[in-house]
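First comes the structure, then the notes that go with it.
Just so it is clear, none of the values below were taken in a lab; they were calculated from the coordinates. What you see is a predicted model; the values in this text were computed from it and never measured. Here the Cβ positions follow ideal geometry from the backbone for every residue, glycine too, while neighbour counts run over all protein chains shown.
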Amino acid sequence: MLEKYLNFTNKLAQICGIFAAGCLLASIVLITELVFERYLFQNAITWQPELVTMMLVASTFIGSPYVLKEGGHVNMEYVYTLIDEKKKTFLQIFTSIICLLFFMVLFYLAWEITYEAWVKKYTTNSIWDPPLWIPYSSMLIGATLMTLQYIGEVLRLIVKYKGFQ
């Protein structure tokens, strides 16, 4: 059962990484096109910077499970060299639980602001004026995915820690 859950979260994280890379690539293309529009054709573009900002935020939040899966988040490598493998695993469990709690709180707060933006029909108040629930939802989705990923990480580390006994 645990193996199935870990495989599910790993595949989900892989999809998140592909999505994040796609958002980054699309942002690069949009900014390049914006430069051509503005300086070569003298056209004022209003929606592109806002869309690129939204895509970069989505890339950051939704791509974070992939970074966790690949071990790309900040680590305490120096501390890990000073302790044995069992203590290192215990420390990883402890820090993963703290991160899990953080993302659970972030999920709750992201749900609140996304729901409020949806219900009250908040927009960005720019010329383009897209609804704010769209960029807020990327934080909600990212927090949800990170919560799932950290649950798997904590369970995996607990199994590893029990193997030392």
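A few remarks follow.
- Just one residue in the set 157, 145, 91, 82 is under 22 Å from the mean Cα position of the chain (by Cα) and either over 25 Å from residue 18 (Cβ atoms) or without any contact (Cβ under 8 Å) to a residue 60 or more places away in the chain (or both); that residue is 157.
- The set of residues from segment 1-39 being part of a helix (DSSP H, G or I), among the hydrophobic types (A, V, I, L, M, F, W, C) and over 23 Å from residue 55 (Cβ atoms) comprises 2, 6, 8.
- Considering (1) over 20 Å from residue 14 (Cβ atoms); (2) touching a residue at least 40 places away in the same chain (Cβ under 8 Å), the lone condition that residue 64 does not fulfil carries the number (1).
- Identity of the residue in segment 1-26, among the polar types (S, T, N, Q) and surrounded by 12 or more Cβ atoms within 10 Å (Cβ to Cβ), that ends up farthest from residue 150 (Cα to Cα): 14
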